[in-house]
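Comments concern the structure below.
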Amino acid sequence: MLHTDARLLQQGASRLGLRLGEPELAQFRRYHQTLAEWNTRVNLTSVTEWDAVLTTHFLDSLTVAQAIPERVLRGGAVLDVGSGAGFPGVPLKIAFPQIALSLVEATGKKAAFLTHLVRELGLRNVLVLNARAEDLAHDPRHREQYDIALARALAPLPTLVELTLSFIKPGGRLIAQKKGDYLAELDASAYAVQQLGGRLEEIQPVDLPTLSGARALVVVSKVSSTPDRYPRRSGMPAHRPLLPPRAARAGLEAAPHA
Ligand code: SAH
C-alpha cells in the first residue's frame, strides 16, 4: 500500500497560505500514483515515496504562487518551460484551476506522460506542447502570449532567460525557481536579461521548513518586446549562453574606475 497521508500536504500548503479541499487532495494522490506507475518505464523523478514527492515536488512547486499576481491566479495564461513530470505547472493548476496552463517539454516520453496525466486528473484548459522552447518561442500563437513563465531545474539563468522571456507579454514576469548558490548565475544573467527585454525585479526567499537547502524565486519583469532574433536556434542558448561581448568584458576589466 502506498502511504498517502493527505494531512501533510494540507499542512504544508496552509503554510504557503493555500487551502486545498478534498477534490484537490484527491488529485494530488492520483498525481502521485500516476507518477509512481510511469516512473518504472520513463525516468521522471528520483523520488517516488509519498512524503518525498509531496515536499520536493508538490509543495516546492506551489511556492511559485507567492510571486504570481492574484489576477493571473484567477484566469491568466501561464507557461511552464521544461516541465518534465509537470513541475511546477501541474501542482499550480490543481491549486488554481482557473489558470490557462501550457506545458512545454522537449522529450517525447515526458510529454506523453503529461498528456496522460492531464486526462487522469481531469484538468481543463491545459495544453501539452512537445517542442523545444527555442522553436516554439517563434510561433506567433505562443510568442509574447503569456502573463507568467515558470521554470524549475531547466538551466542556468543566462540560458534559462533566453528560453523563456520571449513567451512573456510585456508587463508579465518570469519566475525561476533556484536553489543553492545561484548568485554567480544571477550576475552572469544580467546581460541576457537586458538583451531579451527583461529587468530583474526581485528575489523572493522561499520558506518551507520541510524543504532542505536555501531556495528562492528569481523574478524577472518583461519590460519591452524581445527582439525577433531571440531565442537563437535550438541548442545555442545552452551551448553558447548570452554573455556580454568579449570586447565589453575586456574593456570593463581594463578600466580601473569602471
Ligand atoms: N521542471 C521539471 C523538469 C526539470 S528537468 C522539474 O523541475 O522537475 C528539465 C526538463 O526540461 C527536461 O524534462 C528536459 O527534457 C526539458 N528541456 C530541456 N531543455 C529544453 C528546451 N530547450 N525546450 C523544452 N524542454 C527542454
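The values are calculated or read from the model by the stated rules, or taken from the named source; none is laboratory data. Treat the numbers as computed from the prediction; the structure is a model and nothing was measured. Glycine also receives a Cβ, built like all others from the backbone with ideal geometry; neighbour counts cover every protein chain displayed.
Among helices (runs of 4 or more DSSP H) lying entirely in segment 3-95, which contain 2 or more residues that are of a type in the set (V, I, T) and in contact (Cβ under 8 Å) with a residue 24 or more places away in the chain? Lay out the reasoning, then the answer.
Numbers: elements: 6-15, 22-39, 70-73, 89-95.
Result: 89-95.
Pick from segment 110-128 the residues that are of a type outside the set (D, E) and touching a Ser or Thr at 6+ places or on another chain (Cβ under 6 Å): which of them is farthest from I99 (Cα to Cα)?
Step one: list which residues in segment 110-128 are of a type outside the set (D, E), which gives 110-119, 121-128.
Still in the running and touching a Ser or Thr at 6+ places or on another chain (Cβ under 6 Å): 117, 127-128.
On the way: L117: 17, L127: 12, V128: 14 Å.
Top of the filtered list is L117.
Quick check: is even one residue across segment 152-166 under 25 Å from R15 (Cα atoms) and either in contact (Cβ under 8 Å) with a residue 40 or more places away in the chain or not β-branched (V, I, T) (or both)? Lay out the reasoning, then the answer.
Here is the first cut: in segment 152-166, the residues under 25 Å from R15 (Cα atoms) are 152-153.
Of the ones still in play, those that are also either in contact (Cβ under 8 Å) with a residue 40 or more places away in the chain or not β-branched (V, I, T) (or both) are 152-153.
Within segment 152-166, one or more residues are under 25 Å from R15 (Cα atoms) and either in contact (Cβ under 8 Å) with a residue 40 or more places away in the chain or not β-branched (V, I, T) (or both).
Any residue at all in segment 237-251 that is modelled with pLDDT under 95 and in a strand (DSSP E or B)?
Looking through segment 237-251, none of the residues is modelled with pLDDT under 95 and in a strand (DSSP E or B).
State all residues of segment 60-70 that are away from the ligand (no atom under 13 Å from the Cβ) and of a type in the set (S, T, N, Q); if no residue qualifies, say none.
Listed by number, the list holds a single entry, Q66.
Somewhere in segment 22-30, is a residue of a type in the set (D, E, K, R) and more than 23 Å from the chain's Cα centre (by Cα)? Working first, answer last.
Looking only at segment 22-30, we keep the residues that are of a type in the set (D, E, K, R), and these are 22, 24, 29-30.
With the extra rule that they be more than 23 Å from the chain's Cα centre (by Cα), the set shrinks to 22.
Checked segment 22-30: at least one residue is of a type in the set (D, E, K, R) and more than 23 Å from the chain's Cα centre (by Cα).
Can you name the residue in segment 96-108 that is assigned to a loop (DSSP other than H, G, I, E, B) and either under 11 Å from the mean Cα position of the chain (by Cα) or aliphatic (A, V, I, L, M) (or both) and, of all such residues, is nearest to the ligand (Cβ to nearest atom)?
Within segment 96-108, the first condition is being assigned to a loop (DSSP other than H, G, I, E, B), and the residues that meet it are 96-99, 105-107.
With either under 11 Å from the mean Cα position of the chain (by Cα) or aliphatic (A, V, I, L, M) (or both) added as a condition, the list becomes 99, 106.
Working: I99: 17, A106: 3 Å.
Across segment 96-108, the extreme among qualifying residues is A106.
For segment 71-83, name all the residues that are within 14 Å of the ligand (Cβ to nearest atom) and surrounded by fewer than 24 Cβ atoms within 10 Å (Cβ to Cβ). Don't jump to the end; show me each part of the working.
The first filter runs over segment 71-83 and keeps only residues within 14 Å of the ligand (Cβ to nearest atom), leaving 78-83.
Of everything in segment 71-83, just one residue is within 14 Å of the ligand (Cβ to nearest atom) and surrounded by fewer than 24 Cβ atoms within 10 Å (Cβ to Cβ), namely G82.
May I ask you to verify whether T45 is within 13 Å of the ligand (Cβ to nearest atom), within 21 Å of V128 (Cβ to Cβ) and not aromatic (F, W, Y)? Break it down into steps so the answer makes sense when it comes.
On the way: within 13 Å of the ligand (Cβ to nearest atom): yes; within 21 Å of V128 (Cβ to Cβ): yes; not aromatic (F, W, Y): yes.
The answer is yes for T45.
Between a first residue in segment 181-197 that is under 13 Å from P245 (Cα atoms) and a second residue that is hydroxyl-bearing (S, T, Y) and assigned to a loop (DSSP other than H, G, I, E, B), which pairs have beta carbons less than 8 Å apart while being 6 or more apart in sequence or on different chains?
Q195/Y230
Can you tell me how many residues within segment 134-179 are surrounded by fewer than 21 Cβ atoms within 10 Å (Cβ to Cβ) and part of a strand (DSSP E or B)?
So the answer is 4.
Considering every residue within segment 132-140, establish whether at least one is within 13 Å of the chain's Cα centre (by Cα) and either among the acidic types (D, E) or within 16 Å of the ligand (Cβ to nearest atom) (or both). So that I can check it myself, show each step before the final result.
First pass over segment 132-140, keeping only residues within 13 Å of the chain's Cα centre (by Cα): 133.
Going one step further and asking which of them are either among the acidic types (D, E) or within 16 Å of the ligand (Cβ to nearest atom) (or both), we end up with 133.
So far as segment 132-140 goes, yes, one or more of its residues are within 13 Å of the chain's Cα centre (by Cα) and either among the acidic types (D, E) or within 16 Å of the ligand (Cβ to nearest atom) (or both).
Of all residues being assigned to a helix (DSSP H, G or I) and of a type in the set (V, I, T) in segment 109-132, which is surrounded by the fewest Cβ atoms within 10 Å (Cβ to Cβ)? Just the residue, please. Let's see the steps before the verdict.
Of the residues in segment 109-132, the ones assigned to a helix (DSSP H, G or I) are 109-120.
Subsequent filtering for residues that are of a type in the set (V, I, T) retains 115, 118.
Numbers: T115: 15, V118: 20.
Top of the filtered list is T115.
Tally time: how many residues in segment 32-64 are closer than 20 Å to A151 by Cα and either surrounded by 15 or more Cβ atoms within 10 Å (Cβ to Cβ) or charged (D, E, K, R) (or both)? Don't jump to the end; show me each part of the working.
Start the filter on segment 32-64 by keeping residues that are closer than 20 Å to A151 by Cα, which leaves 35, 43-47, 53-64.
Filter once more, keeping what is either surrounded by 15 or more Cβ atoms within 10 Å (Cβ to Cβ) or charged (D, E, K, R) (or both): 35, 44-45, 47, 53-64.
So the answer is 16.
Please go through segment 111-157 and give me each residue that is touching a helix residue (DSSP H, G or I) at 6+ places or on another chain (Cβ under 9 Å) and of a type in the set (S, T, N, Q), ordered by number.
Answer for segment 111-157, where residues must be touching a helix residue (DSSP H, G or I) at 6+ places or on another chain (Cβ under 9 Å) and of a type in the set (S, T, N, Q): N125, N130, Q145.
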